[in-house]
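Heads up, the thing below is written out as structure tokens.
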Amino acid sequence: IVEMLNGTSFIAMRSITSKLVPPEELGKINSLFGVSEALMPLVYGPMYSFVYKKTIDTVPGSFLLLGGLLTTPAVIIFLWLYKEHKQDARDEAKEIALREKLLRQKQWEQSQMQQEKLA
């Protein structure tokens with residue numbers, strides 16, 4: 001069941017990363033993701049086979065432990081990307097609130113000036 005969600009991590013990381021990088025860098029980031037996704041089976045398949053063959057008599061599940069260990073950096077990177085995305089969203093919300101406040105202040109000043117002209 002958990003393996004069904006494996007592909008969603010790539011989608012989520014691409015989505016969050018696309019919001020974090022400038023538009024002119026999107027091609028580079030998507031290329032990096034594409035190359036990484038293509039190379040992973042070439043690296044991990046033989047590595048898992050090697051570990052399994054060497055440890056089948058002692059700890060047959062060691063390749064699973066290796067998989068968990070190798071997933072740790074990806075989880076850390078994903079959490080960092082998520083944190084950065086949330087921080088950017090908060091910063092953007094603050095900027096919008098500041099712009100709205102300045103706009104209301106300017107409108108108030110203009111209305112005061114019009115009232116003074118009429119008086």
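None of the figures in this text is laboratory data; all of them are computed from the coordinates on show. Predicted model, so just to flag it, every value in this text is computed and none were measured. Virtual Cβ from ideal backbone geometry, glycine too; neighbours counted across all protein chains shown.
Expressed as a rounded percentage, what relative contact order does the chain have, with Cα pairs under 8 Å and six or more residues apart?
On the way: 24 pairs, mean separation 34.5, N = 119.
That works out to 29 percent.
Kindly count the pairs of lysines across segment 60-118 whose alpha carbons are less than 25 Å apart, treating pairs on different chains or eight or more residues apart as eligible.
Taking the Cα cut-off of 25 Å, the pair count is 6.
Determine the principal axes of the Cα atoms in the chain, then give the extent along each, sorted from largest to smallest and rounded to whole angstroms.
Principal axes ranked by extent give 96, 27, 21 Å for the Cα atoms.
Can you give the extra length, in nm with one decimal, that the chain gains between M47 and S31 once fully stretched, where that is 0.36 nm per residue apart less the Cα-Cα distance? Write down the numbers at each step before the final one.
Numbers: separation 16, 0.36 × 16 = 5.76 nm, distance 2.43 nm.
Separation in residues times 0.36 nm, less the Cα-Cα distance, equals 3.3 nm.
Tell me the label-point distance for the pair A38, L103, using the 7 Å Cα-to-Cβ offset, in nm and rounded to one decimal.
4.5
Using only the alpha carbons of segment 1-58, what is the convex hull's orientation-averaged projected area in square nanometres?
Values: hull surface 21.8 nm².
The directionally averaged projection comes out at 5.5 nm².
For the chain, what does the helix formula give at 222 nm: sum of -39500 (n - 2.57) over DSSP H segments with n ≥ 4, over the residue count, nearest 500 deg cm²/dmol?
-31500 deg cm²/dmol
Which of L64, Q107, L118 sits farthest toward the positive end of the charge dipole of segment 60-118, with +1 on the Cβ of Lys and Arg and -1 on the Cβ of Asp and Glu?
L118
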